[in-house]
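Quick notes on the structure that follows.
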Amino acid sequence: MDHFEAFILAGGASSRMGTDKSQLLIGEQSFAQLIADTLFKVTTSVTIVGHGTEDPRVKVTMDHYPGWGALGGLHAALSACKADWSLVVACDLPFVTAELLRYLAIERSEHEAVVPVQSDGRPQPLCALYRIDSCLPQAAKLIESGHRRPLDLLERVKTRWVPFSDLSSMEQSQKFFLNINTPEDYYEVTQKATVSKTLS
């Protein structure tokens, strides 16, 4: 995957969680650390967007449009990417796997973005691949015209929507896109992780 650089989006307000989601812990590792470890299995370049990091392996870049939400963070990742493709993962998806990311990469042929679809039918644009020469100018135009949703970008480029049925046989597929937005979500996830570790 030499044509890729990976980016962790960590610049959100985390208003419902009440604290920085990228620094929440599962075991002894933060969400950001867990995701970085996974990303380094598929690429040699990992950058966190909108946040500092103590991990010497991970670079840092900042939002060009602070406070612009997910599309602003995505634009920052695309702007900082020096490869043909940017692999983007939100900081609240700590259970993505290298198997999932490699599969998405395989699907990029003849497309400008590759986006998985969750089991409930919703697309997951913050665990996706974006071709820089097509997606960066479109993202900039959308932001300048007031748009904030990554889906607005995906509707304007040639997107490969990967159905969950293609992913469901992968290990821990039911956890790939867990929505960890509130303290209650986080408590449930950490309790399950503790129980799983105890049983093993």
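Throughout, read-outs are computed from the coordinates displayed, never taken from laboratory work. What you see is a predicted model; the values in this text were computed from it and never measured. Here Cβ is always computed from backbone atoms with ideal geometry, including for glycine, and neighbour counts include all displayed protein chains.
Structure above, values below:
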quantity	calculated
Linear extension gain, residue 168 paired with residue 118, 0.36 nm per residue minus alpha-carbon span	17.0 nm
In Hz, Karplus ³J(HN,Hα) per residue of the stretch 150-166 (6.51, -1.76, 1.60; θ = phi - 60°; x = Gly, Pro)	x, 5, 4, 5, 5, 6, 10, 10, 7, 9, 9, 8, 8, x, 4, 4, 6
Using a Förster distance of 30 Å, the FRET efficiency for residue 155-residue 3 (Cβ separation, nearest 0.05)	0.80
Sites matching GluC sites (Glu not before Pro) across the stretch 99-175 that sit in DSSP coil, with at most 13 neighbouring C-beta atoms within 10 Å	110, 155, 171
Prolate/oblate/rounded call for the stretch 72-167, Cα gyration tensor, a/c under 1.5 rounded	prolate
Under-5 Å amide H pairs with residue 60, H placed in peptide plane, nonlocal only	48
Length-normalised contact order for the chain - Cα pairs under 8 Å, 6+ apart - percent	23
For the stretch 119-136, 3J(HN,Hα) per residue [Karplus equation, 6.51 cos²θ - 1.76 cosθ + 1.60, θ = phi - 60°, Hz, x = Gly/Pro]	5, 8, x, 8, x, 10, x, 9, 9, 8, 10, 10, 7, 5, 5, 8, 8, 4
Estimated FRET transfer efficiency (residue 102, residue 144; beta-carbon r; R0 45 Å; 0.05)	0.85
Distant-in-sequence amide H partners of residue 10 (H built 1.01 Å from N, under 5 Å)	49
Gap separating the Cα centres of the stretch 39-62 and the stretch 78-114, nearest whole Å	14
Sequence-distant residues sharing a close amide H with residue 162 (under 5 Å, placed H)	115, 117
Filtered trypsin sites (Lys or Arg not before Pro), the stretch 17-113: DSSP coil and at most 14 other beta carbons within 10 Å	41, 57, 82
The stretch 9-154: C-alpha gyration tensor shape, a/c 1.5 cut-off, then a/b vs b/c	rounded
GNM result for the chain, Cα springs below 10 Å: residue of 50, 72, 27 fluctuating most strongly	27
DSSP bridge orientation in the stretch 4-199 - percent antiparallel, rounded to nearest 5	35
Estimated FRET transfer efficiency (residue 110, residue 187; beta-carbon r; R0 35 Å; 0.05)	0.20
Table column - 3J(HN,Hα) (Hz), the stretch 107-118, Karplus curve with 6.51, -1.76, 1.60, x for Gly and Pro	7, 6, 3, 6, 10, 10, 7, 10, 10, x, 10, 5
Estimated 222 nm signal from helices in the chain, with DSSP H stretches of n ≥ 4 weighted -39500 (n - 2.57), rounded to 500	-10000 deg cm²/dmol
Furthest towards positive pole of dipole, 4, 116, 137, structure part the chain, Cβ charges	137
